[in-house]
Every structure is written in structure tokens, then in C-alpha cells.
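Read-outs throughout are calculated quantities, based only on the coordinates presented, and are distinct from any laboratory measurement. Computed from a predicted model, the values in this text were never measured in an experiment. Please note: Cβ atoms are built from the backbone with ideal geometry, for glycine as well, and neighbour counts cover all protein chains shown.
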Amino acid sequence: MKNEQQKKPNFLAAILGSKRWQFITIPLFAILCSLLAISVIILLVGKNPLVAFQSLLEGSGFLPKASYSTYKGMITDFMDTLDALTPMLFAALAVAVAFKAGLFNIGVSGQMLLAGFLATVLVGYSDLPAGLAKPLVLLVGIAAGACAGGLIGILKYRFNINEVVSAIMLNYIFQYIISFFINTRLVDPVSRQSRNVSEAARLTLMNVEAGSFKMRVPICILPALLLAVALQVFLAKTKQGYELKAVGLNPLAARYAGIKVGGNMVFALTLSGALAGLAGVTYYLGYYQSIQPGTLSSLGFDSIAVSLLGNSHPIGIIFSSLLITAISRGSTYMSSTVGVRQEIASLVTGMILLFSACSGYIRWRVNKSGGFKRKRGGKQA
Amino acid sequence: MAAAQQEYIVEMKGVTKRFPGVVANDNVSIGIRKGEIFALLGENGAGKSTLMSMLFGMYEPDEGEIWVRGQKVSISSPNEAVKLDIGMVHQHFKLVQNYTVTENIALGIEPVKKLGGFLPIVDIKGTNEKVRALSHKFGLEVDPAKRIEELKVYAQQRVEILKMLYREAEILIFDEPTAVLTPQEIEFLLEIIRKLREGGKTIILITHKLEEIKQVADRCAILNRGKLVDILEVAAATTAQMANLMVGRELHTEVEKPPAQFGKPVLEVKNLTVENSDHFEVVKNVSFTVRGGEIFAIAGVSGNGQVEVADAIAGLVHCQQGSILLNGQDITGWNVRRRCLAGISYIPEDRHKVGLILDFTLAENLAIKKYFAPPFSKGTMLQRDVFDEYAGELIEKYDIRSGGGPDGTVRAMSGGNQQKAIVAREIELQSDLMIFVQPTRGLDIGAIAGIHERIIEERNKGKAILLISLELDEVLNCADTIGAMYNGKMLKIANAGSITANEVGEYMMGVKRS
């Protein structure tokens, strides 16, 4: 009887059990579970889940739609998705870097806003030519984000202020101060947002003609992908990366080994802030052209979950941010064609993140039923 | 048949448990009688804890049967074990730090009374009384109203024992209960264990300390590499006999030690005073000198400032007053890395919290004091192949057993092998000064002898060695010079030959003043 009971987990364990492949099999399993769960919900509202998922992919440019208007095609949808992916990728990498050092940068949104605002004010409204304005925007973004992140690090190192608390407080401070300046100085009377930045300063090229299409070209997507790879090399192969991970995993042991714990924490948060700054400029001066006063971008918070889904691994994050971005991009099309409300897409995202947050539990279950040794207890003496 | 089953309260028949790459228990059969103290003896990794973890429902056996009170049972979780009146005190306590003793004991089975006839509340006062009564009955004095974080280690252990008794456990498993205790505390604990037996409990004691078994146990099962070697009546066996069975070979308990040849002073500590985070002086005006080729051992009961002395020398805590000289150079203001490079190795007391990064691989841990310089890194890039090569060398040389080899995480290794990894790493630094705090803690006799040999080998090479140990035997076996610390003060420094064990013990207790 006992054997019968164990048969099912063992079957799953056979697929998921290989520790070598768990880094990919477990997230995939989590995604599969969430798609199943969401299918049930879509069925309950009386629609066909397969059609809904298909329309999600069509809307985000992974599958061809039934018809396109002039200058539009699958490629333009796909480029839109890439445009939205760029800031998400930067932001999720920002979260991951801090996380590797054992820190939780919940202030990505605030750092993005600060970087976007400063770049808008300093460069966005100037008459500089594109060749000068675009690099300047990037530089201002990196510097602003790094300062904001570094400040959190110094507060933690010098005054032992928890980074979560100071990051949340800074989020509010940035949000309200910047909102004040936008509303009093920079507001566009029609849109109630800040005035649009110049095309020269914008990091997304608009209406680029290629063949019969007119599309957006996010110029930072390639650098973002390269940065993810570079970050992985940094973490796995460099001295600084080794120190950063050591501090994250066990600060006491790191200190004992002569690694500067405080310095590494400040460094990690500065780097994290710089990445958040890049997310900010590609978001406010790329994907969008203006800043809406009084709000923080939800992207900055979603990036935390995206980073978790990618297991805080830079390469994993490329895929997780692509997945989440594609779903949110495709949702508008899904609601208009299938008649499934747009909120369902948020539900899909939410479900995936919920299940991926459970991946630790799934891993534990699998390893337990597979007869692997548990972390604690037994076999010590 | 029926009579035999009546006699045994617990029986494990042909139990086998495999983990990837290792057979932890190989066809082990033991029977435990009601009301006896049954000891499980074996080296690190012999499979004692695994065997008892199966009885306590943390693992399920791959083969074999478990019978409790004459009934075949399948124990798939600790909860089911508790239902069978089995309790276990783990090596690492499982207590909620900021709850009181009573709250911890009642956790999960809180007695509820109705306030004003309808409002359910937890009856802590009544439980306090019950706990107090229980602790009197078995000589387990603790204050039920105190919070766990206020208690010393031995008292926390008593809480764990009370937790089992409160749940009316009849079969009590102790996993290495004395590993964390000082000599007097061990005496108390053994007394408690005897009282528990008088109270009709059945006790299973996992240990690798022969003296304890000799003192309290009725019978003793000896495991070696997962196999049951023998079950002995303790009264009829000698410790030497047990030791040989346990290790599976003849043992040299005495380490060969050629006469010391002292060189020039390597470490000079002058008027060192250290405060802890509450600004309480934990080291008071301590001075001593360690020369090359000398093993200077500091004896003392846990918590009398010895560890703080070591931390201060390594640069982990701030010196309030005094100075520290290494090879004649004042290093008092230097940081940890600089001191390490100048020639200080340090085996810290707590291997999990301080000595290792458990989620790093073995290779990464072994290189943690060398990664920043060639050949371990070139420029800013780490040389991973050098890491692995170096780890391979040390694994070979120090007999470190890691299931995953150099790339396995240290977390997956047994405690003894983790300790070996630290010892290997620190000795390989070949520093002029080596500080060893409790280097053999939690190790079995074979491994202890190995580490003592290493220490003496380094001393013969002319290294200065500062050995800090709670085990008086270790101090007496290895030391050339003995310093006794009590209450933050160095009460006595003497040549090892000129002082007796009893005298050292008296200084350690602060009885004798010079």
C-alpha cells in the first residue's frame, strides 16, 4: 500500500529529481502548474483557455495575428515587446545583484523614478543632438541610480538602518518631491504628465521603417542582454563577485575570511542602483516619453518577482522577464479578440509568480520523495 | 517469539538506509529493552544519527522493519513518532528564542481555558506549575517563566528534555547531548539521565564519548561505517575494547611528541582587554607569549574569555586596551586580511556560523583565504581550475570526504568532514601563528588523533600554536605551556610538565589563585 501511495511523487521526481537540471525543470514545472490553474479560471468564465493563451502570444508578437493594419506586422508587435522588456530586464538584474549580496532592494521603483526624472530634466529638454543626448541620458541614469542605491548601502553600513526600511522611505521621498516638480514646473496641461522629452534624447527609436513596416527600436535591448551575461560572468568568475556572494550567504564567515562586509554591501547596492537607473531611463525616456507624477512604476515591484522566477540568476532572468513582459504585452489583444478581460493577464502573471515562489517547496518535496538527503537532521554524527 | 517481543520496547530488524553514494545503515538489527539506557556508539558518519532519525520518523528505511511495543509500525513523520511516545533531543535545539520555557514546552499542545466562560485563552499559569512539577521530579531545574534567550546552553537542553517529558514520551533519544556541555554540566546531565531511567523511561544515547557510556549505559551497540559491529553489556566491557570495535583498528591514544624546541617569540599579547557588545569586560588585562615551536594551550570552562582572546588576535573584535605583536610587529590596528597575510591561521569555534560558507562548494570554501592572489586569481578573474586542483590535493591529504567532490556544497558534508576541511584550509596557510579553537569538537577518536598529530607536526616545524580547548585531556595531551583562564583573567601560566591535571582544573574553576 505504501508503495502505491508513493508512485505518483516518484513519477514526478523522476522528471524533476535530477539536481543537475532542477534549475530549469522546477521553474518550468511552476509555470506549467500556473497555466493549468489559470486554464481552470478561463474555463469558468466560459472561454477557451487555449485560444486565450494563443492570443496572448499573438498580441506580444510571438505568433502572427489574423490581420494587421498598415505598417504593422508580427515584427512590430515583437519589437514593442522588446521595448517593454528592456527596463524590466535592467530592473530584475538590479534586484538580483542586491539579492546575491543578501540584500533586498525594494527601492528599484524609486531609483528608476529618480534616474528618469534627472535624465529628463538635465538632458531630455535640451537641444543636444542624438549622438550626445542618448549617451548622456544613460550616464545620468546610471549615476542617479547608483547614488540612490549607494545611499541605502551607506545608511545600512554606517548606521545599521535596515535597507528595506530606508528603500521604502526613499521611494516615498522621490515620489513626492518629483511629483511636486513635475506638477509645478514641467507639466503638460493636456496629458497631466511631464512634457515629452525630445526624440533625440529618447532611448527608443520611433517609426523606424524597415520593409513595409514602421516599428519601435529599443536601442538598449542588446546592451541589456550583454549586461546580463556580463553580470553572470562577474558573479561566477571574478574576485569581487565571489566576495559579494560570500557576504550574501554568510556575513560572519566572510568577515572572518578577511572580506570587507560593509564595503561589499555598499558596492552591491550601488551596482543595483545603477542597474535600476538604467531601467529608469529606458522606461521613462524609452518605452514612455514622459513621467506621470505621483506614482511609482509597478514594473519596479514586478521586477522583484521576475528576479525570483529567474532564481536570481542573470541568464534565468532574461527568460523570466521575457515571459512576464510577453504576457502583459499580449493582454490587451487578448481582451479585445477573445473577450477575456485584460485583468486575467495580470492573474496569469500573478499565478506564475505565486507558483514560482513555491518552487522552494516543490524542490524540497521532490528531493524528499526521491530519497535525497534533507538539509537538516540526520547523518551528522 | 512472543516473549522476545515483550522484552524489547523497540526493535529494528534488518534496517537499511541508502543515500546517494553511501549506505548509511546496512542491515542493522537492534533491540532495546524497556527501562534501560542503550547507547549507540560510532565514529562520525557511522550512521548512528541516521538510524535514530528513522525511529523518530525523519527518514523511512529502504529495507527492514521497525517494531515498537511488539507491533510493527511505519513511522513516516516525527508526529507519528510522538504518538508512539518517542521523543528526541536533537544536537541543534529546536526552540523559539523569545518564548518562555513554558511556552516552548506547551507549543503545539497548548492547554486552553475559557476566560469568563467563553473566551478561549492559553492557560500559561497552570502549565507553569505542571512544568515546575515535572522538572522537580527529574532534577531538571529551570525557571519556567524565563525566556529561552536568557538561558545557557545546558538549561536549553533541559527545556528540550522537559518538552519530551511533557508529551509523556517513554522512549527518549538523545543525539550527542554532551557535545555542547562543559564537564560539570555533563555530570549533571548524566545524573538526569539516570533519574529518567529510575522514572521508568527508556533512553537511547547517541554518542562517541566512551566515558559517558561507561558511566551511565546498560548496553551499547557499536556501529562502524553503517554496519552493526556488536552489542555489548557495558559493565563487562572495557573502554579500550569498545574503542577498538568502534574504530575497527588499534588506536594510539597517546600522540608521540618529541621534546619542544622553542624559537623566538611569534605572538606577544600585552595587557589585552576586550569588551563585548554590552561593554562588559570579557577579557581582563591578559598577557602571554607564544614562541615558535610551542603549543600554548588555554584551558578554561566555556565562556571565560578564551574565544574573545582568539578573536582579538585574529582581528575580529576590537581591543579596548593593550597590544598584540606578531613577530615583533604591532598588529593591533590591522584588519583581518592583513593579519591573515602576515601569518595568522585561525580555526574558529563555530564552524557553521563562522568557519564555513555552507552554500559555497568545498573548493570555494578551501580557497576562501587565498582566492584574491595568484594562482587562485589572475587580475580580477578567479581561476576555477586552480580552485578545483587545490581542493583535490587537500581532499587527498586530509581525507576529507565529500559526496560531491570539490564542487559539492559543504552543507551536504557531515560535521566531522566540515571540521576537517577547516583544519586543512588553515594548516595549509602555513602561517607562523596558528590559532586552534576547539579543533576536535564533535569529532570521533580516530579523527581527533589525526588532528592532534597534525598540530604537533606543525609545532615541530617551528610554528607557534595557540590551542584553546574545553577538553582538559586535549590541553594536557598537546600543550607545552598551559594557561588557565577564569572569568576573563589569565590566572596561571605554567610549563605543561610542572602542573597537574587537578591543579589546572582548580584554576579553571577559579578555586585556586596564584
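Provide the three semi-axes, in whole Å and in decreasing order, of the ellipsoid equivalent to the range B:360-408 as defined by the square roots of 5 times the Cα gyration tensor eigenvalues.
20, 10, 8
Please state the relative contact order of the range A:237-320 as a whole percent: Cα pairs under 8 Å, 6+ residues apart?
13 percent
Given a cut-off of 27 Å, name the pairs among B:Lys369/B:Lys489; B:Lys13/B:Lys201; B:Lys397/B:Lys461; A:Lys100/B:Lys163; B:Lys17/B:Lys94 whose C-alpha atoms lie farther apart than that in the structure shown.
The pairs that break the limit, which is 27 Å between Cα atoms, are B:Lys369/B:Lys489; A:Lys100/B:Lys163.
Between B:Phe262 and B:Lys214, what FRET efficiency comes out of the Förster formula 1/(1 + (r/R0)^6) with R0 = 35 Å and r the beta carbon distance, rounded to 0.05?
Once rounded, the FRET efficiency stands at 0.40.
Once phi is turned into ³J(HN,Hα) by the Karplus curve 6.51 cos²θ - 1.76 cosθ + 1.60 with θ = phi - 60°, what whole-Hz value does each residue of the range A:210-218 show in order, with x for glycine and proline?
Values, residue by residue: 9, x, 9, 10, 10, 9, 7, 10, x Hz.
So what are the three principal axis dimensions of the range B:174-287 from its Cα atoms, in whole Å, longest to shortest?
53, 41, 24
Kindly rank B:268-274, B:295-301 from highest to lowest mean number of other beta carbons found within 10 Å of each residue.
Sorting B:268-274, B:295-301 by mean packing, highest first, produces B:295-301, B:268-274.
Would you compute, from DSSP H runs of 4+ residues alone, the mean residue ellipticity of chain A at 222 nm, taking -39500 (n - 2.57) per run and dividing by the full residue count, rounded to the nearest 500?
-22500 deg cm²/dmol
Using a 10 Å cut-off on Cβ to Cβ distances, tally the other chain neighbours for every residue of B:349-355 and report the average as a whole number.
3
Report relative contact order for the range B:1-133 in percent, whole number only (criteria: Cα-Cα under 8 Å, sequence separation at least 6).
Rounded, it is 19 percent for the range B:1-133.
Can you spot the lysines whose alpha carbon is less than 18 Å from B:Lys114's alpha carbon? Ignore those fewer than 8 places along the same chain.
Answer for B:Lys114, where 18 Å is the Cα cut-off: B:Lys125, listed by chain and number.
I'd like the per residue volume of the convex hull spanned by the Cα atoms of the range B:400-469, given in cubic angstrom.
86 Å³
I'd like to know how chain B sits against the 2.2 N^0.38 Å rule of thumb: what's its Cα Rg over that expected value?
1.05
Under a 5 Å amide H to amide H cut-off, with H placed in plane at 1.01 Å, what residues pair with B:Leu382 once short-range neighbours are removed?
Amide H neighbours of B:Leu382, under 5 Å, 5+ apart: A:Thr238, A:Lys239.
Out of every Cα-Cα pair in the range B:97-169, what percent are more than 22 Å apart?
Considering the range B:97-169, 20 percent of its Cα-Cα pairs are separated by more than 22 Å.
In straight Cα distance, which lysines are under 17 Å from B:Lys209, not counting same-chain residues fewer than 8 positions off?
Those lysines meeting the cut-off are B:Lys48.
May I have the extent of the alpha carbons of the range A:68-114 along their three principal axes, as whole Å values ordered from largest to smallest?
The principal-axis extents, from largest down, are 49, 22, 9 Å.
So how long is each side of chain A along the principal axes, counting just the alpha-carbon atoms, biggest first, in Å?
Here the Cα extents, ordered largest to smallest, are 75, 60, 34 Å.
For A:Phe301 and B:Arg167, FRET efficiency with R0 = 51 Å and r from the beta-carbon atoms, rounded to 0.05?
Calculated value: 0.70.
Normalise the Debye intensity by I(0) for the protein assembly as shown, one equal point scatterer per Cα, no solvent, then take log10 at q = 0.10 Å⁻¹ and round to two decimals.
Reported log10 I(q)/I(0), two decimals: -1.24.
If the cut-off is a Cα-Cα distance under 17 Å, which aspartates and glutamates reach B:Lys353, setting aside same-chain residues fewer than 8 apart in sequence?
In chain and number order, the partners are A:Glu243, B:Glu308, B:Asp311, B:Glu364, B:Glu426.
For the range A:291-315 and the range B:293-350, write down the distance between their C-alpha centroids in whole Å.
Their Cα centres are 45 Å away from one another.
Using a Förster distance of 45 Å, how high is the FRET efficiency between B:Ala235 and B:Ala145, based on the Cβ-Cβ distance and rounded to 0.05?
Plugging the Cβ-Cβ distance into 1/(1 + (r/R0)^6) gives 0.60.
Sorting check: for A:96-106, B:179-189, B:447-457, which peptide has the highest mean count of neighbouring beta carbons within 10 Å, and how do the rest follow?
Ranking the peptides A:96-106, B:179-189, B:447-457 by packing returns A:96-106, B:447-457, B:179-189.
Could you line up A:Leu226, B:Leu55, A:Leu170 from fewest to most neighbouring Cβ atoms inside 10 Å?
A:Leu226, A:Leu170, B:Leu55
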